[in-house]
1. Looking only at the stretch 26-68, how many residues end up being outside any loop (DSSP other than H, G, I, E, B) and not small (Gly, Ala, Ser)?
2. Check Ala113, Ala87, Ala128 and return the single one that is more than 17 Å from Ala21 (Cα to Cα) and modelled with pLDDT of 85 or more.
3. Among the candidates Ser58, Ser117, single out the residue that is under 20 Å from Leu5 (Cβ atoms), among the polar types (S, T, N, Q), without any contact (Cβ under 8 Å) to a residue 60 or more places away in the chain and crowded, with 21+ Cβ neighbours inside 10 Å.
4. From Val30, Val42, which residue is closer than 25 Å to Phe66 by Cβ and in contact with a Pro (Cβ under 6 Å, 6 or more places away or on another chain)?
5. Specify which of the listed residues (Leu126, Leu103, Leu98) is within 17 Å of Ala56 (Cα to Cα) and either in a strand (DSSP E or B) or among the polar types (S, T, N, Q) (or both).
6. From the list Phe66, Phe84, pick out the single residue that is more than 12 Å from Ala131 (Cβ to Cβ) and free of Cβ contacts under 8 Å to residues at least 12 places away in the same chain.
7. Looking at the stretch 119-141, can you tell me whether even one residue there is in contact with a Cys (Cβ under 6 Å, 6 or more places away or on another chain) and within 21 Å of Asp46 (Cβ to Cβ)?
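The values are calculated or read from the model by the stated rules, or taken from the named source; none is laboratory data. Every value quoted in this text rests on a predicted model; they were computed, and no experiment measured them. A quick note on method: Cβ atoms are made from the backbone with ideal geometry, for glycine too, and the neighbour counts reach across all protein chains shown.
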Amino acid sequence: MTRELRLDRARAAVEAALARAARDDLRVSVAVVDAMGRDVLVVRGDGATWFTPEVARSKARTAAAFRRDSAALAGLKESYPEVFALAGDQVPFRPTTLPGGILLELDGEVVGAVGVSGATPAQDVLCAEAARDACAAFGTREG
């Protein structure tokens, strides 16, 4: 049975990412997409620069499309640049290897991805991990 990433779960993920960012006074944007890379929720956090929502969206879409965290694609891009370019031609966005795009899974099934942008790569990852953990912990009901 395919599970849908519902808005309430996406909100919990975004809130967790923003709370993690606030701990370190970071200004980030967060994007949550479903398993097909379609937007569920995109938020530009207070003080985040104007372009960070699109970067966050690209990170999330990359993770969803390639079924792995965005940073994990760096090796593929380096070792097989043509394969990465050809794969990138198949999707309606520019894939990225920037850290901060992380898969969201429920019971081992990919239901979407989260992307965070606006801080350092390592800080973006920490915020995305907080979102992932909140998504996984959000109740036991469908979605």
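1. The qualifying residues number 19.
2. Ala113
3. After ruling out the rest, the residue left standing is Ser58.
4. Val42
5. Leu103
6. Phe84
7. no
Residue-wise test of (1) buried (at least 19 other Cβ atoms within 10 Å of the Cβ); (2) in contact (Cβ under 8 Å) with a residue 60 or more places away in the chain; (3) aromatic (Phe, Trp, Tyr).
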residue	(1), (2), (3)
Gly108	no, no, no
Gln123	no, yes, no
Ala131	yes, yes, no
Phe138	no, yes, yes
